[in-house]
Structure formats: structure tokens, C-alpha cells
1. Can you pull out the residues in segment 497-528 that are surrounded by 15 or more Cβ atoms within 10 Å (Cβ to Cβ) and free of Cβ contacts under 8 Å to residues at least 40 places away in the same chain?
2. Give segment 196-237 a look and list any residue that's under 21 Å from the mean Cα position of the chain (by Cα) and under 22 Å from G156 (Cβ atoms), or say none.
3. Determine if segment 523-530 includes at least one residue that is closer than 24 Å to R632 by Cβ and out of contact with any Ser or Thr (no Cβ under 6 Å at 6 or more places or on another chain).
4. Being surrounded by 19 or more Cβ atoms within 10 Å (Cβ to Cβ) and of a type in the set (S, T, Y) is the filter here; which residues of segment 137-166 pass it?
5. Any residue that is farther than 26 Å from D367 by Cα, surrounded by fewer than 19 Cβ atoms within 10 Å (Cβ to Cβ), modelled with pLDDT of 95 or more and of a type in the set (G, A, S) - is there at least one of those in segment 234-245?
6. How many residues, within segment 577-615, are within 33 Å of the chain's Cα centre (by Cα) and hydroxyl-bearing (S, T, Y)?
7. Please tell me if S425 is more than 15 Å from G612 (Cβ to Cβ) and in the same structural domain as I497 (by TED's automatic domain parsing).
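The values are calculated or read from the model by the stated rules, or taken from the named source; none is laboratory data. Here the structure is a predicted model, which means the values were calculated and not measured. Positions of Cβ are generated from backbone atoms using ideal geometry, with glycine treated the same way; all protein chains shown enter the neighbour counts.
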Amino acid sequence: MPESSREPDRPVAGADTAGDAPGAGGLARRHLLMGALAAPAALAVPSIVAAPAQAAAAPRTAPVVPPRSGEFDPESPRFCLAVVPDTQYLFDEDSSDPEPLNATFRYLTEQRGVANVAFMAHLGDITEHGSEHEIGLADQAFTAVDGVLPYSVLAGNHDVPGSTDDQRGDTPYLRAFGPDRFAGRETFGGASPDGYNSYHVFRAAGREWLLLALDWRVSDAGIAWAQGVIDGHSRLPVILTTHDLAHADDDGAASLSGHGQRLWDRLVRRNDQVFLTISGHYWPPGRTVLTNDAGNDVHVHITNYQDRYYGGAAMIRLYQFDLARGVVDVETFAPWFLLREAGERPLLGAEMIELTGDVDRFSVPLDTERRFAGFAPVEEPASRPYRRVVTRDTLAYWRFDSSGLRGAAREGEAVQEGAVARDLSGHGNDLVMRRLHGSAAEVLTRSADHHRYAPAHASLRFDGGQGPDRGAILEAVADAPINSEKFLGGYTFEVFIRLPDPFEGEHAWMGIFSWQGRSGDAGKTTGWSPLEPTCSLNVSPERFLQYVVYPHVQDADPTSWSHALPVGRWFHVAVVNDGRRSIVYVEGSPIARNPTQRSTGVATLGRPFTLGATGFDNAFGQGFYGWLGDVRITGRALEASEFMTAFE
């Protein structure tokens, strides 16, 4: 039964209820390209410049594209790396047609703010023969992104004499796309003495990233130069682009080429900073994951579409980094076809607007904290003394390190019956531990596990559950002021929680905290039962947070419901009431289902505040299952910037 159907008949901890988890699912990933398809014609940009006469597929109407939306944001956790593979068939002497690449560049510059495009990388084989004529046409096309979008280029075997390495000397390619083109650009870091290898440092997601653009045949000197660049930027993650690194079979399974094996052995595998390599040259596209000398994954990707209709039509691949989700979403499409009205697309062009095979549209995990730990470890905030957490509005504050828990066991050991969690606010709201229903000592243990931004680097591990009921609670001493506090001026209740992974056993409607006492005894008549407590934070069978309160002033029971909490992850939860209504926050983010019903104060009855369970009819069934960290109660509504997670 879905959680929402339980709301009219709200069970609480101790009730004999069960439920099925809600069905998996969610909104599909929204694509930048789909936004372009859906944009109204009124938002069209000026029409594409006419292509040569032999380009029968040239568009005749204005493309439909959203307007620019803001500027590139280097601090956003979401950004995009655009990759342009082999365009050689578009720059082939008198068969040249730059227009598809022009359209791609226009698209990227127009979309830079929409997709937060941080950088663009061309993978080589810009041209078919590397002649003055072809290079000149390509040179002119690239002026569209000069000074607008940071980018890199590198030489493929069709741009320079294919039998040479990066010591080949002067070429039309070098004169057009060598270091002189990038001198003074903000992201350009430098080039090898020969000019054919370069590196670029761009800022995105609040950090700097190093992109190496290496010649199609890197000499020993070039490899030594690249190693020096990596050594000189020893804390930066590295994306390596080159023309020839890997090839793939028809199923998209990639393996290193002969030159790629040399580059892997001499450079990539030795440098843990290199987490992603992107190359062209071969088709079909493919991908694989290799393990470097540090035991970490290196994603090896081939992207090349020159064998497709219209030489690939300057198709692009977008690497959409989403560090909030810890993933890189990859999609491949052709702006030249995408931007036309449906009736103006050639049949074959319509078929390759977007490629959705396993090697063209996919996602790869990227936990930057774990993957980059070997060279750029994230320093954990230091534990904060309790005096920096207690403000003048703090009514109670409990933590479970040595400063807050008397009679505390060592990490992993059981907390003894009668142990005291001191109220560090100085208001006398000490909590005393007791086990429920003759539970074993191990039902409550000390832990060093904690939320990254918790003030104390400690927590309590509760092992409560149903059938047979078991658990442990910490309840306020009889004369604690918090037991009778009415909170008429507003309040903020904060707690750090983590649910176990795997989440095993029966734990439906377990309580996190509550005030003991029956709502009926407070004269409340509107709720699910007059026997339930007057205020509690619980976890539903589907792992939704449920905050229910009986206000001191109103005869009401406004109840908030969160989304399903993932297991195995710490969360900061805050209930904020401004004297009129309550809003629940998870990780500083307001949840959707906060009632607008007026809620002033809490109908406390002088019975103990309790951590680790929610009672029913003044008795406890099961206890909490998981970890609880610092708990703070404040006598006013706090801003999110004032929560315990605010790191100074």
C-alpha cells in the first residue's frame, strides 16, 4: 500500500502495521537537445548561412533554438564538456562543407549558459588532407568560438603527415591551430616546445580541471612534457584527449590500439589523476573501463561518426557532469539536423538527430571524493566545540562524543544503562539511557560515524525493531524544562540521522524523537488517535519522514511528509516553525508536503522528551533503527544558514 494512502489513518511507532515500498521510478533525464526541439519558433535565431550548392541537405528555414539563458557558472555542481570528433569529411578540398560545424559551434555558443558548457574539445582529423585550403576553411569556422567558448584542438593523422610524430616541424595545421592561436586565453596553460601538444585548465563545479590535448603520435619528448604538466598540477583531475587511443568491435567493446597501449603504459596508468580518456580516429564508437596502477577506474571512450551520413554532420557528444548526483551523463546528437523544422530535415538526417545506443548515450558514475582521494583528498571539517554550537536561543543540545555523553563506551561498544547525555546548553535537559523490553546491551552502541558537517564526530547506533519489540531510548530527566516547553514563539528541532544499508527487519513507523504523553490528555480531538503523542518525528514503512504535531493553541494535527530517504547516507533534518506553520528541511532543502495549516507551539504535557522512539498510550514498542547524531532544539525559527550544518 503506498505511503500516501496511510495518511488519513496515521499509525505511529508501536502500532502493528506494515506496508510495501513505493514503486521505483522518477522523472527521466531532461536533455538539452529536447529543450531545443520543443522551443517555439518565436525564439528562433537568425538563419544558418547558406551552404555550398553541392550540400543538398542545407537548411532553408531558421533553426529553432532557445535563447541564451544566463552565463556560464563555474561554481555550479553541474557542467558540460562538449566533444567534437573527426570532422575531416567536411573539410575535403573542393567537396568541403563547413556548415555543419558552423551550426554546431553556433549551437554551443548559444547554449553555453543553458547547459553550463565549461569547455569544448576537438579530437583531431579536423580536415581530410591538412592542406592550406582545408586548414583555412577550418580556421575560419573556429573563429566562431574564439573568445566565446574555451576549447582545445589536436592533430590527427589527416591534419599532418601521418608518418610523423609531434617532432614533425612546421605544418599548415600548426600555423592555424598551434600555441599562437590560444596565447592569452584564460584556460590555455601552455604547449610542448614542438607546439603539437597543449594543456588547458578550466574551472567548473568549484574546482579546476586539467585537459591534456595530445598529438596523434606523441613522441618520447611529448610524453615527458605531458608528465611534467601533470606533475605541475598534482591536485587536478585530468581528462586526456588524443586522436588514437582505442578501437572497438561492433558491439562497442573497446580495447587499446597499439599506440594507445604505449600511451597507457607510459603515461595514463601511472597517473591516478587521469580518470577519463576520449579519442576518435576509429569507428564504431565504443568504451571500456581500465584499472590504473592505483587500483582506480579510468574510463576509455571512443567517439567518431565520420562514417555516418554527411560525414557525421559535426555531431557532438556532451559529457554532462552532475557532481550533485555523482554521475556523468553522456549524449550524442547533431545540431545541424536538430535545429531544423521537421519537414526540412532530410530523411537520413532525421534518423541521426540523436544516437541512443549503449556507446552513444549512457551514464558513468563519478564519486569525485572517492575517485580523486589519492591526489586531492577532501579535508573533513574539524569537530566544533559545543560552545560554538550553543547560541543564546538554544534550549537544548546533545552530542555523543566524550564532551556530551557520560559513562560512554568506546567506539563499537554498548552504552551502559543509565548513561547520561548532557544538555550542553546548560539548561538542565539531560537525557538518560534505558533499554526497552529487556533488550540486549548491544541495542545501543557508540559510533564514530557522523555527517560530514556535524559538529561532533560521533553518534549513537540504535538497533531497535519489531517482533520481538526491542530498542533503547534516551529520555529527559523528570524536571527538565524541555518537557513542558510550549514553543509559542516558534522553534527549530534539528537531528542528524542515517538509516542502515542494508535496511533489514521490520521497522515501520519507528520514532526518531517525540514528547511523551497522549494527545487526548491535551484536549486534542482531530488526530488519528487520542493515544498518540503530541509531537513526534517518525519513519514510515516506505522510509518517508513523518512529522506530526498537536499545536498548543489550535485543535489540529498538521503533518509533514518527506520523500523516501535513501539508506546508507547521513542526513540533517530540521523542523522549523515560525509560530504560524512548520516546514521540514532535509539537507537544508524544504520538502514538498508541508501543510499550510496554522500551527502555534507544541501541546507538551510535562512528560519526557524522548530520543530514539515514539510512544503510544504512554508506552513504547520498538525503538529506532540506525544512527542518530547531534540533536539541537532552538526557541525560534532558524534560517538554513543557521543550521548545525553551517560550517564556519
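1. Result: G520, single match.
2. L210
3. no
4. Y151, S152
5. no
6. So the count comes out to 4.
7. On the way: more than 15 Å from G612 (Cβ to Cβ): yes; in the same structural domain as I497 (by TED's automatic domain parsing): yes.
Yes, satisfied.
Okay, residues lined up against (1) free of Cβ contacts under 8 Å to residues at least 60 places away in the same chain; (2) more than 24 Å from S257 (Cα to Cα); (3) of a type in the set (D, E, K, R); (4) part of a loop (DSSP other than H, G, I, E, B):
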{"residue": "D293", "(1), (2), (3), (4)": "yes, no, yes, yes"}
{"residue": "H299", "(1), (2), (3), (4)": "no, no, no, no"}
{"residue": "N304", "(1), (2), (3), (4)": "no, no, no, yes"}
{"residue": "R317", "(1), (2), (3), (4)": "no, no, yes, no"}
{"residue": "Q320", "(1), (2), (3), (4)": "no, yes, no, no"}
{"residue": "R325", "(1), (2), (3), (4)": "yes, yes, yes, yes"}
